[in-house]
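Trainee: After the structure tokens below, expect a handful of questions from me.
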Amino acid sequence: MDLDSACETRFEAYIDLLAKAVGHADRREPMRAYCQGLVLPGDRKSVEPMAARVDPCHLSSRHQSMHHFVADSGWSDEGVLGVARMWALEAMETQGPLEAWILDDTGFPKKGSHSVGVAHQYCGVLGKTGNCQCAVSLTLANRVASIPAAFRLYLPESWASNSMRREKVGVPKAIVFQTKWKIALGLIDHLTEEGVPIAPILADAAYGDATAFREGISQRHLTYTVGVGPTLTVWTQERMPLSPRPKAPGRGRPGKRLRRDEEHKPSSVRNLAKGLPEKAWQEIDWADGTKGRLRSRFALLRVRPAHRDHLRTEPRPEEWLLIEWPEGTEEPDHYWLSNEKPSISMRDLVAQAKLRWRIERDYQELKDEIGLDHYEGRGWRGFHHHASLCIATYAFVVAERARLSPPKPSSFFKLPEPAVSPRPRGRPAPPAG
């Protein structure tokens, strides 16, 4: 059996597993067509252009069945993602153990105000605030591959509190307003309950700056290495908070809370980094890049986060502060906090922190190649169904890459030869507003 036919055989076996997850047998064919449409070449991965590529001779009926399957059918996103996760992990772990759970969010620029969750908010794709949807995901990764394993739309408060808007797009009653970091903790809980192998949690400063998020991970007895901003304040081993105020003679009970004042207060991580001696910095390499080995300058020290600890009776636990300050730049450009074990080496911690970049590549491929951001419907169910099918399709590609060298993950997908030149009912529509 050649590589292409073996790949096709695996694809059909994979579709059979996904079909069990979506339930009714009559959903298998539109699901297969949808996944095939997502992986076939094409500029637009919304339903009609995909139907034209997959089945040009029966465009109308194919379009109808695919649209109904993604927008209206009541199958479980968690079931589909569970199959995708299992399929990808089995192949990924042949190349090495799972090394990280990576949390992040991604934006979907939109026009108008009717698509579920759309609001004027920060959009990483635009690099600024703009009209968009945002979704939070949790990706499983090792050095070779990565796959999103959980995914949920962020519903802004303007949507969560508006019953009329919710009803129009079918937001489930159980969905309430949550910050992105609270959604992220929910995704962690879901995968933990599913028995997914545990790995360190990685996230950027949008999550790491939330003290309650870091505390939530620690309370779950998990480790993390998360980005933080330069203004985050910490105590060092040489400079700790003042002890509670002692009992004054004849004046009641002694104080219980830690103290600080203008002369004795914590330092921002930026100021701390700038005050470190030259010997504190080391050149560390962590991966191969297109122009050779990736290297930079790092420092590592033990600190205690100081956020609102004047309301506490004891200091927060000691953690690692990792700082990156590339040679020739005016100031450091990355900071991380980690509750990893005290014995971890700087090289290992740098490698762990830098593994977060994999999620950026996943998002890029999911959007550019698979069409994650091409869905044109407005409803909650359709948005998540489309995302789940994109992730499921990508999981198959990831698994093929892990199995084959050089990778030929989708070469068996061929555009059908139409009996006549198909003419779609219109040009692909712009993203729904």
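The values are calculated or read from the model by the stated rules, or taken from the named source; none is laboratory data. Please read all numbers here as calculations on a predicted model, not as lab measurements. Backbone-built Cβ (ideal geometry, glycine too); neighbour counts: all protein chains shown. Calculation scope for accessible area: heavy atoms of the full protein, side chains included, ligands and nucleic acids excluded. Shrake-Rupley method; radii C 1.70, N 1.55, O 1.52, S 1.80 Å.
Trainee: Can you give the extra length, in nm with one decimal, that the chain gains between A174 and H114 once fully stretched, where that is 0.36 nm per residue apart less the Cα-Cα distance?
Mentor: Taking A174 through H114 to full extension adds about 19.5 nm, to one decimal.
Trainee: Something else about it: Give me the extension gain from E167 to N271: residue separation times 0.36 nm, minus the current Cα-Cα distance, reported in nm with one decimal. Working shown, then result.
Mentor: On the way: separation 104, 0.36 × 104 = 37.44 nm, distance 4.97 nm.
Between E167 and N271, full extension yields 32.5 nm more.
Trainee: Another question, then. Go through the chain and flag any cysteine with no other cysteine's C-beta closer than 4.7 Å, please.
Mentor: Among the cysteines of the chain, those whose Cβ sits 4.7 Å or more from every other are C7, C35, C57, C134, C390.
Trainee: Here's a follow-up. Could you run the Karplus curve 6.51 cos²θ - 1.76 cosθ + 1.60 with θ = phi - 60° over the range 63-80 and give me ³J(HN,Hα) per residue in whole Hz, x for Gly and Pro?
Mentor: Those phi angles translate into 4, 5, 5, 5, 5, 4, 4, 7, 8, 10, 5, x, 7, 8, 5, 4, x, 5 Hz.
Trainee: So, R0 is 25 Å and r is the distance between the beta-carbons of S343 and R295; what FRET efficiency does that work out to, to 0.05?
Mentor: 0.55
Trainee: Moving on to the next point. Which FRET efficiency value, to the nearest 0.05, is calculated for D43 and L17 with the Förster distance at 35 angstrom and r the Cβ-Cβ distance?
Mentor: 0.75
Trainee: Please list, ordered by chain and number, the residues whose modelled amide H lies under 5 Å from the amide H of Q178; skip anything fewer than 5 residues away on the same chain.
Mentor: L155
Trainee: For the pair E29 and Q282, how long in nm is the line joining their label points, each one 7 Å along Cα→Cβ?
Mentor: So the two model labels end up 6.2 nm from each other.
Trainee: Another one. Among P241, V83, F396, whose Cα lies farthest out toward the positive end of the dipole of the chain, if unit charges sit on the beta carbon of Lys, Arg (+1) and Asp, Glu (-1)?
Mentor: It is P241.
Trainee: Another question, if that's okay. Tell me which of A100, G292, W380 sits at the most positive position along the dipole axis of the chain, charges placed on C-beta atoms (Lys, Arg +1; Asp, Glu -1).
Mentor: It is W380.
Trainee: Using the heavy atoms of the protein chains and a 1.4 angstrom probe, tell me the accessible area per residue for the chain in square angstrom.
Mentor: On the way: 21100 Å² over 433 residues.
The answer is 49 Å² per residue.
Trainee: Amide H to amide H under 5 Å from C123: which residues, 5+ apart in sequence or cross-chain, H placed 1.01 Å off N in plane?
Mentor: Long-range HN contacts for C123: K128, T129, G130.
Trainee: What is the spin-label model distance, in nm, from R312 to Q121 if the labels are put 7 Å beyond Cα along the C-beta direction?
Mentor: 2.9 nm
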